[in-house]
Structures are given as structure tokens and as C-alpha cells.
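Beneath this line is the structure, given in C-alpha cells, with notes to follow.
Here, each number is a calculation from the coordinates, and none is a lab measurement. Predicted model, so just to flag it, every value in this text is computed and none were measured. Here the Cβ positions follow ideal geometry from the backbone for every residue, glycine too, while neighbour counts run over all protein chains shown.
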Amino acid sequence: MSNTKKTFDSISSKYNLINNIISLGMHLKWKNNFTNLLEFNGSVLDVATGTGDIAIMVKKKYPNSDVIGLDPSEKMLQIANSRVTNEHKIKFVQGYCENIPFDDSYFDFITITFGIRNTKSIVDSLKEINRVLKKNGTFLIMEFSKNNNILVKFFYKIYLHLFIPFIGLLFGKFSEYNHLVSTIESFYTPEEMNKILEKNGFKVKRNIRYNLGLVTVYVANNVKF
């Protein structure tokens, strides 16, 4: 999305707190499970790293790994840097997923959580991730996803259009969170996202679904073009 950087710069100071509220604390559990899926021994790029949750979790669990976090929001990266200790050094780089500032076949692992839907172009982003990920390297995504169950869809619409904007309003960030709601609602089903990944140089190994299928993890390998 074209205004992603502006949106996340604006909400950076309250981002972690609001995330905890709107996910009822579940996002940290999902992220912990996410970082337990693989042994991240090697070079790791966390795209759309935000305030660094995934990058920090990976580095703490695998201290010998080389972890880099990438994000377009300078203010989010300032918070991420402030959370890193001397014991767990992580490099944070400002940049966009569509133009990753690293050489071809540089990383063993690439992760992105709740960020792929906010890129300017999903296809261009996947091409860049394919470029900088080593052949047979692992790409992990965690993202919101559509659920076609009528009852789930009904309550999810209430959550998206009433609860999230209301929490945003309480913190003076109504328009920003209303924008994020629109990106969630317009994103793909897991089946659609699997096809997009397969068309752009990845072999999807498995899907893991949380929260009644409204959050999906994609585990894929880079098969290169």
C-alpha cells in the first residue's frame, strides 16, 4: 500500500500496546509458535520487521544466527533498535520489500509476519524475496486470511469494523487502523495465496491456521526461476 510507511510511522509509539489489545494477547503466542517451526541456523531476513518481535525471538532462540530486520518505517525501527541488547545483536535496515538491499541468494531464511498484505506490490515483493533467498531456502509468512464460513465471517466483520476501529479511536489512531482493516479484509484466502506463491518461484510445503482460520502460516521453499 502506498501510504504504509506513513501509517506505521504514525502508530509506531502505540503499536505494540494496540496489537496486544486487538489480538487479546494472542499475536505473541502465534509469533512464538511461528519461530518454533524451524531451526533458524544461518542468515535470516525478517521483512516488515516493525518493532522487531520476530527478529528478536529468532535471535534469542538461535543466538548463532545472523538476523537482519527490514522495514520502511524509520520510527518503527527506532523502537526495534531500542529493544535489542548487546547479548542479541540484530541489524535493522530501512527499506522496502520490493527493493531489498542485499545480493542475490544471500539469505537461508526469510520471514514476514502480518506484512505481506501491506506491500506496494505482492508480486514484486515475492520476486525480490525469491532473488535474495538461496535456492531451497525457506520462506515463512504469517498473515490474516479470509474464511468463507458464514458464521465466522459475520463475527469477523463485527471485529474488523467495530472493535478494531474503536480501539484505534481510543488511541487517536482511527484512520490508521481503519486503513489496516481495509488491507485485512481485501487479502486472500489461503488457497489463493498458495497459488500466488507457486506462480512466483515458491513451493508451498504446508499451511498452519490459527484463530478459526483467520490467521494462516505459509511454509514455502524457494525453487528459483
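Remarks
- Share, in percent, of DSSP beta bridges within region 4-222 that are antiparallel, nearest 5: 45
- Take every Cα pair under 8 Å whose residues are at least 6 apart in sequence, average their separation, divide by the length of region 4-222, and the relative contact order is 19 percent.
- Rounded to the nearest 20, the size of the Cβ-charge dipole of region 4-222 about its Cα centre is 400 debye, with Lys and Arg at +1 and Asp and Glu at -1.
- Note that region 72-148 carries a Kirkwood radius of 14.0 Å, evaluated over its alpha carbons pair by pair.
- Counted as membrane-span-like here are DSSP H helices of the chain whose alpha-carbon atoms extend 27 Å or more along the helix's own axis and whose Kyte-Doolittle mean is -0.5 or above; there are none.
- Size of electric dipole in region 91-214: Cβ of Lys, Arg +1 and of Asp, Glu -1, about Cα centre, debye, nearest 20: 320
- A viscosity of 0.890 mPa s and a temperature of 25 °C, combined with the Kirkwood radius over Cα pairs in Stokes-Einstein, give a translational diffusion coefficient for region 154-223 of 178 µm²/s.
- When region 68-225 is described by a simple charge dipole with +1 on each Lys and Arg Cβ and -1 on each Asp and Glu Cβ, the residue from 84, 132, 194 located farthest towards its positive end is 194.
- Evaluated over the Cα positions of region 44-93, the convex hull gives a direction-averaged projected area, one quarter of its surface, of 2.8 nm².
- Computed over neighbours whose Cβ is under 15 Å from that of residue 152, the net charge equals +3, Lys and Arg +1, Asp and Glu -1.
- Projected over every direction and averaged, the convex hull enclosing the alpha-carbon atoms of region 17-114 yields 6.2 nm².
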